[in-house]
Amino acid sequence: MAYETIIVEVEEGIATVTLNRPEVLNALNSLVFIELGEACANVGADDSVRVVIITGGEKVFAAGADIKQMALSTAVNVATSVRPSQATFNLIENLNKPVIAAIAGYALGGGCELTLVADVRIAAENAQFGFPEIKLGILPGGGGTQRLPRLIGAGKAKELIFSGDFISAEEALRIGLVNKVVPADQLLIEAKKMAKKFAARGAVAIQMAKTCVNEGLRMDLNMGLQYEHKCFSLLFATEDQKEGMKAFLEKRKPNFRGR
Ligand code: DAK
């Protein structure tokens, strides 16, 4: 399917979704959020897709929400105008397959918030992260005040949010904002390498493990452990569990079929 603001390519079970508004550093307007939501819902429903990569290419990830569009908002219409972005962020965070953000150049504001709903973040050496909303008289409203402290801790999150300062890929790695830093020309290669590794694992187990982590973060420890226990037991009803253990005992690689 052709989109105006993103490009979607599927190859060997890996869907790569590329933000495509280079003239405005991939600023995220409402059409981007609508198309991104639609594309992710489609790849989520497509059993042949095992892993999703979201990227902006080698130069820029996204310089945030589209300020030209946002500047026209009022307190009355902003509540409805942000619905597509909220819905898309939630959809990606809860997608039934792993999502890898491959980040080069700027990942600012809503762009950085988009990386936070991915499961794993890989940064190019040229990546820069930040939440400049405070300099616009607003706050990170796409989940940044909630997801960022859960990922890197409240102190570091507040420093980034209150200052609006940008940090380098190395600093992002140091504070746990990203999983890995690679040379810019290796970004998509590394993201695909990781995606292939995830794709070779049992899809149901990955999906349940993702749900355990995501839901567990919203629960207290006891509830989380109970939830994990139920998911763990359920996996013993899958073909993949039988195949995984059989393959181990037969000293061969498992052939998971995602069921
Ligand atoms: N929006 C619109 N256009 C943008 C943009 C943005 N965020 N960022 C860059 N551009 C445009 C520039 O206006 C320029 O366009 P022309 O002037 O050529 O027409 C073009 O991209 C190139 O940018 P620059 O000329 O500025 O390039 P530089 O290399 O000099 O500077 C920069 C790069 C990234 C440092 C600078 O462009 C910059 O500061 N950009 C704005 C960054 C920013 O403040 N981002 C945060 C936006 S607020 C929510 C969901 C999401 C959000 C909020 C709520 N809900 C669900 C409630 C998100 C909010 C935000 O992200």
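The values are calculated or read from the model by the stated rules, or taken from the named source; none is laboratory data. Quick caveat, the model's predicted, so the values are computed rather than measured. Don't worry about glycine lacking a Cβ; one is built from the backbone with ideal geometry, like all the others, and counts go over all protein chains shown. Please note that ligands, DNA and RNA were not included when accessible areas were found on the heavy atoms of the full protein model with its side chains. Shrake-Rupley method; radii C 1.70, N 1.55, O 1.52, S 1.80 Å.
Against the numbered list (1) more than 13 Å from the chain's Cα centre (by Cα); (2) surrounded by fewer than 24 Cβ atoms within 10 Å (Cβ to Cβ); (3) not in a loop (DSSP other than H, G, I, E, B), N90 comes up short only at (1). Within region 150-170, which residues are open to solvent by 50 Å² or more (accessible area, probe 1.4 Å), farther than 25 Å from T16 by Cα and touching a residue at least 24 places away in the same chain (Cβ under 8 Å)? Listed by number, the residues that qualify are R150, F162, D165, F166. Among the residues of region 69-102, just one is closer than 30 Å to V49 by Cβ, without any contact (Cβ under 8 Å) to a residue 40 or more places away in the chain and not charged (D, E, K, R), namely N90.
Residues that are in contact with a strand residue (DSSP E or B) (Cβ under 6 Å, 6 or more places away or on another chain) number at least 1 in the following helices (runs of 4 or more DSSP H) confined to region 109-185: 110-116, 169-174. Sort out which residues of region 190-228 are touching a residue at least 24 places away in the same chain (Cβ under 8 Å) and touching a Gly at 6+ places or on another chain (Cβ under 7 Å), and write them in order of number. A199, G202, A203, V204, listed by residue number. Filtered by the rule that a residue be closer than 15 Å to G143 by Cβ and of a type in the set (G, A, S), region 64-103 gives G64, A65, S85, A87, A101.
Could you run through region 112-150 and say how many residues are more than 9 Å from the ligand (Cβ to nearest atom) and touching an Asp or Glu at 6+ places or on another chain (Cβ under 6 Å)?
2
Exactly one residue out of G110, G143 is within 17 Å of N29 (Cα to Cα) and in contact with a Gly (Cβ under 6 Å, 6 or more places away or on another chain), and it is G110.
Among the criteria (1) open to solvent by less than 60 Å² (accessible area, probe 1.4 Å); (2) of a type outside the set (D, E); (3) within 19 Å of the chain's Cα centre (by Cα), the one S81 does not fulfil is (3). In region 134-149, the residues that are closer than 16 Å to M70 by Cβ reach residues that are among the hydroxyl-bearing types (S, T, Y) and within 7 Å of the ligand (Cβ to nearest atom) with C-beta atoms within less than 7 angstrom, at least six apart or across chains, in these pairs: G142/S85.
A63: of a type outside the set (K, R), near the ligand (Cβ under 10 Å from one of its atoms), touching a strand residue (DSSP E or B) at 6+ places or on another chain (Cβ under 9 Å) and under 23 Å from P132 (Cβ atoms), yes or no?
Against the criterion (of a type outside the set (K, R), near the ligand (Cβ under 10 Å from one of its atoms), touching a strand residue (DSSP E or B) at 6+ places or on another chain (Cβ under 9 Å) and under 23 Å from P132 (Cβ atoms)), A63 qualifies.
Collect the residues in region 66-92 that are closer than 20 Å to K135 by Cα, near the ligand (Cβ under 9 Å from one of its atoms) and modelled with pLDDT under 90, keeping them in residue-number order. Within region 66-92, V78, V82 meet the criteria. Taking region 195-219 as the range and being touching a Lys or Arg at 6+ places or on another chain (Cβ under 8 Å) and farther than 12 Å from D119 by Cα as the test, the residues that pass are A199, A203, V204, L217. Of the strands (runs of 3 or more DSSP E) that lie entirely inside region 1-77, those containing 1 or more residues that are small (G, A, S) and in contact with a helix residue (DSSP H, G or I) (Cβ under 8 Å, 6 or more places away or on another chain) span 14-19.
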